[in-house]
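Written below as structure tokens is the structure these notes are about.
The values are calculated or read from the model by the stated rules, or taken from the named source; none is laboratory data. What you see is a predicted model, and the numbers here were worked out from it, not measured in a lab. So basically every Cβ, Gly included, is an ideal-geometry build from the backbone, and we count neighbours across all protein chains shown. Ligands, DNA and RNA are excluded from the accessible area calculation, which covers all protein heavy atoms including side chains. Shrake-Rupley method; radii C 1.70, N 1.55, O 1.52, S 1.80 Å.
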Amino acid sequence: MATLSVKPGQRFSVPDWHSSSQLLCADAERQRAASHRVRQEARALRNNTNNQAKWDEHDNQTRLAERIGSVSRWKETLDKCLTDIDVEIDALAKVKEAVEHALQAKNLALEVAIECLTLRESRRAIEVVRDPVEEELHKEVRLIERAKRELQQRVNEAFEQLGHLQEARQQLACEQQHKLQALEIDRACLSLSVNSANISCKVNPTRLPAGSTSLEEWEQSSQYSKENAEAEMKASAKLREAALLAIAQSSNELEAQRVATEFALRKRLRDLQRAHDELKWQEQSTLEELAEMEEDIRHLEEDLRRKVQGLKVAHTRLESRSSRPGRELCRDQVQDGLTDEVHQLEGTIRVLKQKLMESQDALNALYRQLHRIQTDLGCKASSLVLDNKCVDSRRKLVLPAEKFDTFNQTRN
């Protein structure tokens with residue numbers, strides 16, 4: 001007889017078949033819904049990021065253009081200052097040359113006056129008399145010698161001021177060159193786009209380069225170079241006027257100038273002394289803060305060592321308890337407590353290490369500040385010595401040479 005073959009395996013009921021189909025459909029719908037949500041989120045993300053990137057690029061393009069304009073304006077200002085200072089250097093050099101020629105011309109007049117006096121010494125008998133001619137000749141000699149001293153002082157001042165002008169010009173030229181290089185870089189950056197050939201990803205491009213300054217410091221530096229050049233040109237213009245007037249001015253006007261110079265020098269001495277005293281106070285305060293900071297760092301290091309030792313104890317306990325046999329290896333309250341203790345100690349150690357690094361940075365900053373203060377103190381002390389020597393040296397303008405030498409010997 002023929003027999004029906006029986007297929008091996010489990011047989012499902014019709015409800016099971018319907019349930020499977022419904023489940024499969026539901027899963028498919030849910031998966032499609034999830035896929036749709038992801039696609040929508042991706043589209044929204046693309047739109048947002050594209051818009052953000054475009055606006056960021058547009059804003060930075062605008063900032064670059066504005067920065068180029070700002071640097072260009074400063075460069076034009078410095079260019080004008082350079083032109084003006086070149087003109088001033090040339091004018092001061094010509095005035096200095098004119099004063100030197102006037103000084104050289106005085107030699108002939110002095111030789112003539114001395115020759116006349118020498119000739120008059122040949123008089124004999126009753127003719128050897130102190131008449132008005134001799135008095136006028138002696139007065140002429142004194143006037144010429146005083147004029148020569150005044151003119152020589154103006155020559156020295158012009159030479160020194162030329163040095164100041166050259167220094168100011170060098171500083172201006174350096175600022176101008178830096179701005180020219182900055183303009184070339186920023187213009188190159190402004191010309192870049194996503195299609196440029198020389199673009200690439202860099203290592204840590206957001207770092208602050210060494211020697212970076214703030215915008216305010218940049219503005220102050222440019223302003224200082226400009227103001228310094230203008231101040232030197234202003235001082236040079238005043239010196240030129242004084243040098244030209246010195247050829248014909250009277251002794252009273254020169255004395256007024258000397259008094260004004262000494263007044264400014266003494267005022268500078270007072271300002272230097274006040275600044276020196278303030279820096280001494282700052283030095284003492286910084287030293288006290290250094291001592292306190294070092295003490296706090298020692299406390300932090302001690303706390304950190306204790307926390308590390310505590311962490312070692314907790315680690316050892318946990319490791320030792322992991323060797324418990326059988327059912328004894330359970331997660332009891334001790335296990336939870338030790339785990340919490342490890343996490344707490346690790347967090348505490350991280351915080352302490354961070355605070356220790358901040359304290360070390362603050363300590364290093366204090367040491368750097370102390371070095372700057374002490375360096376500035378040395379400069380101000382040297383300036384005080386030099387300015388006091390200037391005050392002593394200027395006494396020769398009001399004291400005769402022999403009295404001035406006696407005064408120096410007494411001071412020494």
Restricting to segment 83-94, count the residues that are surrounded by 18 or more Cβ atoms within 10 Å (Cβ to Cβ), hydrophobic (A, V, I, L, M, F, W, C) and within 16 Å of Ala173 (Cβ to Cβ). 2
Which number in (1) closer than 30 Å to Glu292 by Cα; (2) open to solvent by less than 40 Å² (accessible area, probe 1.4 Å) marks the one condition that Arg368 misses? (2)
Being open to solvent by 80 Å² or more (accessible area, probe 1.4 Å) and closer than 24 Å to Leu190 by Cα narrows His18, His58 down to just His58
What about Gly326, is it of a type outside the set (A, V, I, L, M, F, W, C) and either at pLDDT 85 or above or within 23 Å of Glu292 (Cα to Cα) (or both)? no
Given the criterion out of contact with any His (no Cβ under 9 Å at 6 or more places or on another chain), at pLDDT 75 or above, among the β-branched types (Val, Ile, Thr) and open to solvent by 60 Å² or more (accessible area, probe 1.4 Å), identify the matching residue among Val334, Val259, Val308. Val334
Please verify whether Arg146 is under 20 Å from Leu244 (Cβ atoms), touching a residue at least 24 places away in the same chain (Cβ under 8 Å) and open to solvent by less than 50 Å² (accessible area, probe 1.4 Å), treating the condition exactly as stated. no
Any chance Arg73 is farther than 30 Å from Ser222 by Cβ and part of a helix (DSSP H, G or I): no
Residues being without any contact (Cβ under 8 Å) to a residue 40 or more places away in the chain, open to solvent by less than 80 Å² (accessible area, probe 1.4 Å) and among the hydroxyl-bearing types (Ser, Thr, Tyr): count how many of those fall in segment 200-235. 3
Does any residue in segment 236-256 that is surrounded by 12 or more Cβ atoms within 10 Å (Cβ to Cβ) and at pLDDT 85 or above come within less than 6 Å, Cβ to Cβ, of a residue that is of a type outside the set (D, E, K, R) and outside any helix (DSSP H, G or I) six or more places away or on a different chain, and which pairs are these? none
